[in-house]
1. Which semi-axes, in whole Å and largest first, does the equivalent ellipsoid of region 7-136 have when worked out from the alpha carbon gyration tensor as the square roots of 5 times its eigenvalues?
2. Run through every distinct alpha carbon pair of region 73-176 and return the Kirkwood hydrodynamic radius in angstroms, one decimal place.
3. Under the definition of Cα pairs under 8 Å and six or more residues apart, what whole-number percent is the relative contact order of the chain?
4. Kirkwood Rh over alpha-carbon pairs of region 129-261, then Stokes-Einstein at 10 °C and 1.306 mPa s: what D in µm² s⁻¹, rounded to an integer?
5. Based on alpha-carbon centroids, what's the gap between region 109-153 and region 1-34 in Å, whole number please?
6. With springs only between Cα atoms under 10 Å, which of E27, E75, E120 fluctuates most in a Gaussian network model of the chain?
7. For the chain, list the DSSP H helices whose alpha carbon atoms reach 18 Å or more along the long axis and whose average Kyte-Doolittle value is 1.0 or above?
8. At most 12 other Cβ atoms within 10 Å and a DSSP loop assignment: could you name the GluC sites (Glu not before Pro) in region 174-261 that fit?
Amino acid sequence: MPITIKSSREIELMTEAGRILETVHNELAKALHPGMTTLEIDRLGEELIRSYGCEPSFLNYNGYPASICVSVNEEVVHGIPSPHRFIREGDIVSLDAGVIYKGYHSDAARTYGIGHISKEAQRLIDVTRECFFEGIKYAKEGNHLFDISAAIGRYATERGYGVVRDLCGHGIGTQMHEAPEIPNYSQGRKGPLLKAGMTLAIEPMINAGTWEVSWLDDDWTVVTKDHSLSAHYENTVLVTEEGAVILSLSGYGKRDGDGQI
Ligand code: MF3
Ligand code: CO
């Protein structure tokens, strides 16, 4: 499948989808507390998504049974919300959510510490977010896709972290997963040329230990092979001639005034 270039109307719809998804994440962040179950997080997330006139894109996607992926500690991504899993002080919790607004997708993930967390855990969360910002420096017309991949991988590796290789970011638009796949480490080649109007979900998944992962028996939950902590940070971004505009986070790359391109 070719990489699609979005029209200004499509970008408007994806901008709104991103704005809503950012709000959902901010509301979820406020609600997180020790003693909450991961299913309660999912229920609140689904309610919020629907209250803004969107559909949760993850629900029933390839059989995934929830609207929010909740991944705790050594869980990398795709944790399945459960009424039996309580989040506790000291945990790190990744929330991944996707919305569909008038046929257009937005996809974003955040990792939070619950109450007081170790310095090591906080550093992992911070570096994972920094990896994303390092990567999107290259999300600009005329650069190559794997410039983003290499920048993310370099930033994490230099700091001693493992970069998950089994899962990637992706193009996004009328589908949650569109071309291209976006690895989070150097490919040793350039990849496709980036053009204004491409929309990408860039999502570093970074481990405190080895990059290697395995799958739990539920066939969804990805965990680190060495049980070290893992963090995830993702936004939906628009490539422009000047650089990246983050659609699922306010205030980055938008032109003065109206937030429109
Ligand atoms: N953000 C993830 C992704 O980009 C979540 C989708 S997994 C799902 O692939 F199955 F839960 F939808
Ligand atoms: Co994604």
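No value in this document is a laboratory result; all are computed from the given coordinates. Keep in mind that this is a model prediction, so the values were computed, not measured. Every residue, glycine as well, gets a Cβ built from its backbone with ideal geometry; the counts of neighbours run over all protein chains shown.
1. Whole-Å semi-axes of the equivalent ellipsoid: 25, 18, 12.
2. Taking the inverse mean of 1/r over all distinct Cα pairs, region 73-176 comes out at 15.7 Å.
3. On the way: 669 pairs, mean separation 58.2, N = 261.
In percent, rounded to a whole number, it is 22.
4. Working: Rh = 15.2 Å.
Taking Rh from Cα pairs, D becomes 104 µm²/s.
5. 18 Å
6. Judging by the Gaussian network model, the answer is E120.
7. Numbers: long enough: 8-31 (35 Å, -0.32); 38-51 (20 Å, -0.32); 119-136 (26 Å, -0.26); 145-158 (20 Å, 0.45).
None clear 18 Å together with a mean of 1.0.
8. Working: sites: E178, E181, E212, E234, E241, E242; in loops: E212, E241, E242.
Here the sparse-neighbourhood loop sites are E241, E242.
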